[in-house]
Amino acid sequence: MDLSRGRRTLALFIGLGAGVIALNIAARGYSATHPDQVTQVVFLLLAAFALSFVEVRLDRGRLTLAGVALGAASVLLNPLDATIVVLAITPAVMRRGATTIIGNGVAIGAAACLAATVSALIHVPGQMPLWARLIALITFNVSSGALIALVLSVLNRESAWSVVRHNFTSSFYLAFGYFALASLLITYLLDGSAVGYVLSAVVFVLALALTDTIAGRRVRRVLESELSDADRHLFHSRAVEGVVHNLRNHVATAVGYLKEIDLHRLDPVDRDAVETATMAANDAVTVLRSLAQGATPRVSYAAEPVDLNELATRALGMARPRARTKEVVMGLRETPDDVKVKADPLLLREVITNLINNAIDAAPASGHVEMTTGRRNNGWPYFSVTDNGPGVADENRHHLFEPHFTTKETGTGLGLFMSYGIIREHQGQLLYEGNRRGAVFTVALPPFSD
């Protein structure tokens, strides 16, 4: 992180933290005169803690199921207690680093405190009407989304509108709506009775089950897509291998005979013709060699582990001159986790270069390309390359890793095909995870093991 971005991040965190403190001070009278039930606060604390470890995977990023408990807390509790409940999600994000912990805490804490303050201002003695609950929930969801977008904008040096456009997809809004409905139901069930706590716990369990079902379907779709890509790549690889083998033999024979011709005995016209034919034959050999390497590349594993953070930094540095021609902004989000893999560094650099160059070509003028490293849920290190271009149309999605398929006017269509073959030989995965809002290519590799 550069110094200027660090200062902006610090200023944002201090500002949000000061806002939370100011709201709690302003609402201290209400909090004192309307103390919450200890059992209710503890129940929502435990629920937020448990649900924060359950994630809903979106097209880009993730949401934790803790939003169900936090939404209910912003309606039922006074501002101070609602802010305290937010702290329960901290352990779930510890592995992502201090910046993520603070960013999540101040953004969601400010949203919960603001919503609880709104709830206090429109508080009606006795049973809170539906419209008041909805206003508090809408305040919580809208403000949390806006503040998270602001935090991501500062951290990634990206406009807030760009963050919203690329992250707030249909699945994002669907998940937020699901959270809001579950939170609304909890606000009615938590009436202080034992039955209310039991029914609320049942709602949380049902939310977990439904989320698991949705996640299972998503995993199946991803696996089916990966299997389809692997099958097509294997089919084309076998076809290319057979064709290349036969053609190389014929071209090698032609090159051999061309080399035996004594050019000094030919007249200038015939000499030029033979030289042209020889160059064309040599070019054909080069193309066939590239095709053969893309179909089944020869991997020479390095004795030492290959650090994806180092590879990503070096690859972005090499790609910056290309990006400057389009004024494309390059970014890198390194993970503090260990992302060392067993790999052929030369071939892996070729894959990263292909993906970054494709992203730069796809991004609009003054667009952005971002590279991210980290670990997937199965523990495999990964790197992703994201651009804000048009993405890949649905009708072209299943042709991505086929040889000679390209949407670029001057492209050869071999970059992704060869990259897929290289990652396949590494026993890894090359996945397309983008949409019409931009392309996201992710490479996941087995971790290095002695």
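The values are calculated or read from the model by the stated rules, or taken from the named source; none is laboratory data. Just so it is clear, the structure is predicted and the values come from calculations on it, not from any experiment. Backbone-built Cβ (ideal geometry, glycine too); neighbour counts: all protein chains shown.
So here's what we get for this one:
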| item | result |
| --- | --- |
| Subset of the range 27-50 [over 33 Å from the mean Cα position of the chain (by Cα), farther than 17 Å from VAL118 by Cβ and not in a loop (DSSP other than H, G, I, E, B)] | ALA32, THR33, VAL38, THR39, GLN40, VAL41, VAL42 |
| Test: residue in the range 392-409 that is within 18 Å of ASN309 (Cα to Cα), in a loop (DSSP other than H, G, I, E, B) and at pLDDT below 85 | no |
| ARG217 vs. criteria among the basic types (Lys, Arg), under 20 Å from ASN377 (Cβ atoms) and at pLDDT below 60 | yes |
| In the range 267-278, residue nearest to THR253 (Cα to Cα) [restricted to those that are among the aliphatic types (A, V, I, L, M) and either surrounded by 11 or more Cβ atoms within 10 Å (Cβ to Cβ) or touching a residue at least 60 places away in the same chain (Cβ under 8 Å) (or both)] | ALA277 |
| Pair list, Cβ under 7 Å, 6 or more apart: the range 163-183 residue over 14 Å from ASN388 (Cβ atoms), other residue modelled with pLDDT under 70 | SER171/LEU58; SER171/ASP59; PHE172/LEU58; ALA175/VAL56; ALA175/LEU58; ALA175/LEU63 |
| Test: residue in the range 380-387 that is hydroxyl-bearing (Ser, Thr, Tyr), more than 16 Å from GLY438 (Cα to Cα) and either at pLDDT below 90 or assigned to a strand (DSSP E or B) (or both) | yes |
| Residue list for the range 364-379, filter: in a loop (DSSP other than H, G, I, E, B) and crowded, with 24+ Cβ neighbours inside 10 Å | none |
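Results for (1) under 24 Å from TYR420 (Cβ atoms); (2) in contact with a Pro (Cβ under 8 Å, 6 or more places away or on another chain); (3) of a type in the set (A, V, I, L, M, F, W, C); (4) surrounded by fewer than 16 Cβ atoms within 10 Å (Cβ to Cβ), shown as yes or no for each residue.
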| position | (1), (2), (3), (4) |
| --- | --- |
| PRO305 | yes, no, no, no |
| ASN309 | yes, no, no, no |
| PRO336 | no, no, no, yes |
| ALA343 | yes, no, yes, no |
| LEU346 | yes, no, yes, yes |
| ILE352 | yes, no, yes, no |
| ALA359 | yes, no, yes, no |
